[in-house]
Structure formats: structure tokens, C-alpha cells
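Just below is one structure, and these are the notes that go with it.
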Amino acid sequence: MVLDFLWRLLQLSSSFFQWPYFTSCRMNTANPRGIPVPEPIEIVYKRVDDLDIAMDVYIPASATKDNPAPIVLWWHGGGLLQGTRKAPAPHSVYAPHNHNICLISVDYRLAPQTRLPGILSDCSDALSFIQQNPLFASLTNNRVDVTRIVLSGSSAGGWLSLLVGTGIGYKACGLPPPTLPQVATGICAIYPISDLEDSFWTTKQRPVSYMTRVVDRKEVEPFVNPQDVKTASSVVDGRRSIFYTYMIQEAILAHLLLDGTGIPAKSFSVAHALKTGNYPRSPPDLPPTYIIHGNADDKVPHRQATDVVEALQGISGAQVEYVEPDGLNHGFDREDGVDLEDMYTWIKEVLK
């Protein structure tokens with residue numbers, strides 16, 4: 001009870017800040033390899049529901065006004081139910097030094113307190129803020145090239161990158177498709193969710209395959225309650241961190257994301273939309289796409305990726321590259337030492 005009270009107090013304290021604001025913040029992630037990690041600039045890009053929603057901007061030391069760094073815009077995973085921008089993988093925070101890429105790690109409101117339409121609006125607003133708001137240019141000293149962006153994310157964040165890049169799901173939400181960068185855009189989805197109607201999300205697992213016990217509903221109270229306090233992040237190892245497992249166990253992802261909206265789950269099925277032409281961009285305007293997904297993933301089945309790859313391969317003019325690491329599980333890239341060099345080679349080629 002005391003911990004819940006303190007966490008709610010911390011969330012409410014954000015109302016004392018005036019939007020927009022920014023601070024410098026230091027990473028608390030250990031860096032055993034000694035690779036330089038830039039101090040991120042924390043920028044609040046949106047204020048809604050009494051929440052300040054922020055992004056962390058990691059600018060390469062080599063970036064200048066005359067030679068600004070292109071962007072990888074990354075959304076965290078957690079089923080859209082949990083997670084934080086404060087936990088990018090090591091290779092992501094090393095990318096500014098290793099690849100002269102600006103990493104922008106972005107928060108969004110979490111379900112079920114905010115349904116999927118609100119989450120997609122947060123993603124669009126983050127992209128618009130970067131491209132169009134002069135405050136972003138000012139706070140980053142014009143050292144970031146907002147015309148060259150690869151949209152990326154892990155797990156549910158990978159799904160967001162696919163939805164934002166293709167515009168799928170936006171019409172169903174009553175939202176305009178996001179405006180993509182002027183010069184170069186790509187999508188880089190890391191073990192993404194892509195289809196709420198897949199049997200993995202609709203079949204109960206009691207317990208889930210990677211646990212030996214059933215998660216009691218009391219363990220996810222009050223987070224499972226749509227009327228609970230809204231939030232735009234959760235602590236990596238906090239109480240909410242078991243929410244994803246409970247969701248799989250009870251097969252309730254679509255309910256948590258869409259109840260009360262009247263929007264069918266199929267509206268956000270990426271492969272189905274691509275195969276049926278139900279997306280707002282013409283095939284030549286679909287961003288080149290890179291997807292990587294281990295084939296031993298027990299938290300998001302890798303067919304979520306292969307279905308999208310197959311659909312893109314069936315579209316004339318669409319560009320897609322797929323990598324399937326053998327025997328690797330969800331989150332494999334979070335190990336320090338996993339550098340994903342091939343992925344960054346692809347990213348840099350897209351951002352030329």
C-alpha cells in the first residue's frame with residue numbers, strides 16, 4: 001500500500017512542471033565495455049491527461065549544426081501495458097558513438113488506462129514534435145537531422161514502428177496518418193507484435209510457457225483496471241512488470257487495448273492490412289523495412305514477423321529485409337555485446 005501511494009504521488013508530481021520543459025539526465029545503465037554514451041537530453045513533447053510525456057535524446061558527440069546526426073526513433077516494448085523509455089538496449093545507447101546516429105527513446109501512455117487510439121496519437125505527436133516544433137531544434141542545438149528518421153521499436157514498440165511507418169490503424173482510430181520525414185524514412189522492427197488476432201494472444205496459457213505458476217489477478221491490481229491512474233511509463237522491475245505475463249496468461253491483449261473503442265482488432269493487423277491494401281500510403285511510399293526476430297521467442301511468436309515479411313514481399317516496390325536468429329528468445333539483443341552490426345549497416349544505408 002505504501003509503495004502504491006508513493007508511486008501515485010510521483011506520478012501526480014509531474015503536474016507541477018510547465019510543459020514543455022527539458023532537463024539533462026544521466027543514464028543509470030552500467031557500461032562494462034567503456035563505450036561512450038552521451039548524456040541524454042530529456043524533453044517533454046506532450047502534456048495530456050495531467051501527464052508529461054517525454055523523450056530522451058542521445059546526440060552523438062560528433063554531430064554539429066553543419067553535420068547533424070540522423071535519427072533512430074525508438075519505442076519500448078511491454079505489450080503497450082508496461083515499460084519505459086529509460087531502458088533501451090545497450091546497442092541502442094552505443095549507436096550514437098558507434099554509428100553517428102541520434103537515438104531518441106520515447107514514452108507513450110500505457111494501456112488499459114489509455115486505449116490504443118490514444119497511444120497511436122502519442123506516437124504521431126512525438127514524430128511531429130521532432131520534425132516540426134522549433135523547440136526541438138533549439139534544445140538540440142540543430143545537431144539532429146529531422147529529415148532522416150528510422151522508426152524503430154522492440155516487441156510492442158516494434159509494432160508501433162510498423163503502424164506509424166505504414167499508417168495502418170490510424171483511419172480506424174479517426175486519426176490522420178503520421179507525416180513522414182522529407183528525405184529518408186525506414187522501419188526497423190525488433191521482434192515485433194503485429195496481429196492481435198493471432199491465437200497466441202487469444203488462447204489462455206495457465207501458466208505461460210516460461211513460468212511455473214499462474215499469476216494471480218491481485219498481482220496486477222490496480223494496473224489492470226482501466227479506471228486506474230493514467231501513466232506514461234513504469235519501472236522496469238516494478239510491480240507492473242508482471243502485467244505482460246498476466247495478459248498472455250489470460251489472453252486479454254485486445255481487450256486491454258481496445259475495449260470501449262468499438263474498433264475491431266483486425267484494424268491493427270499489419271500483414272492483413274498490407275495484403276488487402278488497407279493502408280493509406282501507396283506502395284512506393286511504404287518505407288523500406290528491416291525486421292529481426294529470433295525463432296525461439298516464447299513471448300511474441302516469430303510468425304508475427306514472418307507474416308509481415310511475406311505480406312511486404314507480395315507488394316510490388318516494397319523493400320523488406322528479414323533476419324531470423326536461430327534459437328534466440330525475446331530480448332536477445334539486450335545482452336551487452338550483442339551489437340546488431342548488420343542492422344545498423346542497413347539503417348545507415350537507408351539514412352544516406
- prompt: Over all Cα pairs of the range 84-128, how is the pair count split among 10 Å bins, expressed in % and running from 0 up to the last occupied bin?
  reply: 26, 38, 28, 8
Convex hull volume per residue in cubic angstrom - Cα atoms of the range 70-223: 135
Contact order relative to length of the chain, as percent, for alpha carbon pairs under 8 angstrom and 6 or more apart: 18
field: Cα-only Debye scattering, the range 132-180: base-10 log of I(q)/I(0) at q = 0.19, 0.26 Å⁻¹
entry: -0.77, -0.95
field: Solvent-accessible area of TRP74 with every protein chain in place, 1.4 Å probe, in Å² to the nearest 10
entry: 10
statement: Here the averaged projected area of the range 29-134, based on the convex hull of its alpha-carbon atoms and given in nm², is 7.2
query: What is the range 270-350's relative contact order, in percent, from Cα pairs under 8 angstrom and six or more apart in sequence?
result: 36
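Please tell me the relative contact order of the range 161-242 in percent, rounded to the nearest whole number, where contacts are Cα pairs under 8 Å and at least six residues apart. Mind showing how you got there, number by number?
On the way: 37 pairs, mean separation 13.3, N = 82.
Result for the range 161-242 is 16 percent.
Does the range 216-352 come out rounded, prolate or oblate by the C-alpha gyration tensor, with a ≥ b ≥ c the root eigenvalues, rounded set by a/c under 1.5 and, if not, prolate when a/b is larger than b/c and oblate if not? Intermediate values should be presented prior to the final figure.
Values: a/c = 2.15, a/b = 1.38, b/c = 1.56.
Note, shape of the range 216-352 comes out oblate.
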- prompt: Using a simple spin-label model with points 7 Å from Cα along the Cα→Cβ vector, what separation in nm is obtained for GLN132 and ARG33?
  reply: 3.8
- prompt: When ligands, DNA and RNA are left out and all protein chains stay put, how many square angstrom of accessible area per residue does the chain have with a 1.4 Å probe?
  reply: 42
- prompt: Within the accessible area of the chain, what % is carbon and sulfur when the probe is 1.4 Å and the other protein chains stay in place?
  reply: 52
- request: Averaged over every viewing direction, what's the projected area of the C-alpha convex hull for the chain? Give it in nm², one decimal, please.
  value: 16.8
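The values are calculated or read from the model by the stated rules, or taken from the named source; none is laboratory data. All of these numbers come straight from a predicted model, not from anything done at the bench. Positions of Cβ are backbone-derived with ideal geometry, glycine not excepted, and every protein chain shown enters the neighbour counts. Ligands, DNA and RNA are excluded from the accessible area calculation, which covers all protein heavy atoms including side chains. Shrake-Rupley method; radii C 1.70, N 1.55, O 1.52, S 1.80 Å.
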